[in-house]
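Comments concern the structure below.
The values are calculated or read from the model by the stated rules, or taken from the named source; none is laboratory data. Keep in mind that this is a model prediction, so the values were computed, not measured. So basically every Cβ, Gly included, is an ideal-geometry build from the backbone, and we count neighbours across all protein chains shown.
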Amino acid sequence: MIQFKNVIKKYKQQTVIRDVSFSIADYECAVLIGPSGCGKTTILKMINRLLAPTSGSIYINGEDIKNKNVFQLRRNIGYVIQSIGLFPHLTIRENIEIVPSLGKKRKDKKQLLKRSKELMEMVGLHPDKFLDRYPVQLSGGQQQRVGVARAFAWDPEIILMDEPFSALDPINREQLQDELVQLQTKLKKTIVFVTHDMDEAIKVAHKICIINKGQILQYDTPEMILKNPVDDFVAKFVGKHRIWTTPELIRAEDIMLNTLVASQKDRSLLGCMETMRSRGVDSIFIVDAAGRLEGVVYAEDVKDVPDYQIPAGTVMHSIPYTARIQDSILAVLTQMKERKSPTVPVIDSNGKLAGIITKSSLVTTLSKRYFE
């Protein structure tokens, strides 16, 4: 875990980081984002002591980094920067192996070569084709892949990435974003990632830290920031309708109607019909005493029943599909289309009826994108 506690950074009389405190959990990717000059790169560089805080403390796994040997600290932290920083006079293999070949724990040449080949394959470059080339012989996207490989070479616990993909064309950038997400999932590294691109932040982050004028305005999951920006600055910076570019973050609970028409199965059909008539609906959900969903009764099934005093459970239908409150809107839409269902009940983790999604509620929700 990485922890910042009351960290302040000043240059002469100018305060660039203002009393910053936050934590990054193990194996998470935390993205630092904000306007140019907000202090995100300064925060990043303090983690590996390229910059020192004026006051406050930074801890890695509970140990204050100012008490650690700076070289040992940096050997456990990979670093990828926008300008890549490959040594032009060294081959790709030599660039990757430069750190693992140093120090008391250096590996022998066979181990180094084996690791270099693994890393090249990891970032999608054929080792036999690229290891003996020089950086100038590679495209910008290929060089950045090598930069990522080099950051993983010593198998560090932490990877710092300072706008690593911002200079790349959109296709290469998107590919590397996808590969980073896959690598992080597979290799379980703690990643601190600086960017100015909110779409990129949403794509790669477990948590996003929005910074302005050296202060953290909001630090939360992408979903929570998109749905609940803490103030007007965050709302404008994120973009009012950006949630619609990532519909997988929109949940059933965000679009469901809470006005429910429900009854219990031992109630008479006559009572259920009266409730449907007064509420202007053509069906009524049946729940048990604890509110757990059991079925549904449709008005059209009641009209031909000779005795309206019989319990509603007698003509109750089972429900083929229910959405859970955390299901994404994409999953709900897919099921509604496949099952040709105009109405979907939403249940909570205990099976209790929580809401309902209808075609009309979907239209209303989707229209907010354009009219809010």
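Residue count for the stretch 58-86 satisfying the condition of being assigned to a loop (DSSP other than H, G, I, E, B) and in contact with a helix residue (DSSP H, G or I) (Cβ under 6 Å, 6 or more places away or on another chain): 2. In the stretch 48-59, of all residues being in contact with an Asp or Glu (Cβ under 8 Å, 6 or more places away or on another chain) and either crowded, with 16+ Cβ neighbours inside 10 Å or without any contact (Cβ under 8 Å) to a residue 40 or more places away in the chain (or both), the one that is nearest to Gln14 (Cα to Cα) corresponds to Gly56. Being of a type in the set (Asp, Glu) and under 22 Å from Val287 (Cα atoms) is the filter here, so list the residues in the stretch 332-348 that pass it. Of everything in the stretch 332-348, just one residue is of a type in the set (Asp, Glu) and under 22 Å from Val287 (Cα atoms), namely Asp348. The residues listed here are Thr275, Thr322; of these, the one that is under 28 Å from Glu223 (Cα atoms) and either modelled with pLDDT under 85 or among the polar types (S, T, N, Q) (or both) is Thr322.
For the stretch 120-138, filtered to residues that are part of a helix (DSSP H, G or I) and closer than 20 Å to Pro164 by Cβ, the residue that is modelled with the lowest pLDDT is Met122.
Within the option set Val31, Val7, being surrounded by 21 or more Cβ atoms within 10 Å (Cβ to Cβ), modelled with pLDDT of 95 or more and over 22 Å from the mean Cα position of the chain (by Cα) holds for one residue only, Val7.
The set of residues from the stretch 308-330 being within 20 Å of Glu274 (Cα to Cα) and in contact (Cβ under 8 Å) with a residue 24 or more places away in the chain comprises Tyr308, Gln309, Ile310, Pro311, Ala312, Gly313, Thr314, Val315, Met316. Set side by side, the residues Ile191, Ile216, Ile211 differ, and just one is over 30 Å from Val296 (Cβ atoms), touching a Lys or Arg at 6+ places or on another chain (Cβ under 6 Å) and of a type in the set (A, V, I, L, M, F, W, C), which is Ile211.
Leu180 passes every criterion in (1) at negative phi; (2) surrounded by fewer than 20 Cβ atoms within 10 Å (Cβ to Cβ) apart from (2). Being surrounded by fewer than 17 Cβ atoms within 10 Å (Cβ to Cβ), under 28 Å from Tyr59 (Cβ atoms), at pLDDT below 90 and touching a Lys or Arg at 6+ places or on another chain (Cβ under 8 Å) is a condition met by no residue of the stretch 81-89. Checking Pro320, Pro345, Pro306 one by one, the residue that is surrounded by 16 or more Cβ atoms within 10 Å (Cβ to Cβ) and not assigned by TED's automatic domain parsing to the domain that holds Lys227 is Pro345 and no other. Only residues that are surrounded by 15 or more Cβ atoms within 10 Å (Cβ to Cβ) and charged (D, E, K, R) were counted across the stretch 60-76, and they come to 2. Please pick out the residue among Gln144, Gln184 that is in contact with a Cys (Cβ under 7 Å, 6 or more places away or on another chain), within 16 Å of Gly78 (Cβ to Cβ) and either of a type in the set (A, V, I, L, M, F, W, C) or at pLDDT 85 or above (or both). Gln184 is the lone residue from the list that is in contact with a Cys (Cβ under 7 Å, 6 or more places away or on another chain), within 16 Å of Gly78 (Cβ to Cβ) and either of a type in the set (A, V, I, L, M, F, W, C) or at pLDDT 85 or above (or both).
All conditions but one from (1) acidic (Asp, Glu); (2) more than 35 Å from the chain's Cα centre (by Cα); (3) more than 28 Å from Ala323 (Cα to Cα) apply to Asp232; the one that does not is (2).
Taking the stretch 34-80 as the range and being among the aromatic types (Phe, Trp, Tyr) and either at pLDDT 95 or above or not assigned by TED's automatic domain parsing to the domain that holds Asp162 (or both) as the test, only Tyr59 passes. Applying the criterion of at least 1 residues that are within 15 Å of Val194 (Cα to Cα) to the strands (runs of 3 or more DSSP E) found wholly in the stretch 2-45 leaves 14-24, 29-33.
Of the residues making up the stretch 321-351, just one is in a loop (DSSP other than H, G, I, E, B) and among the basic types (Lys, Arg), namely Lys340.
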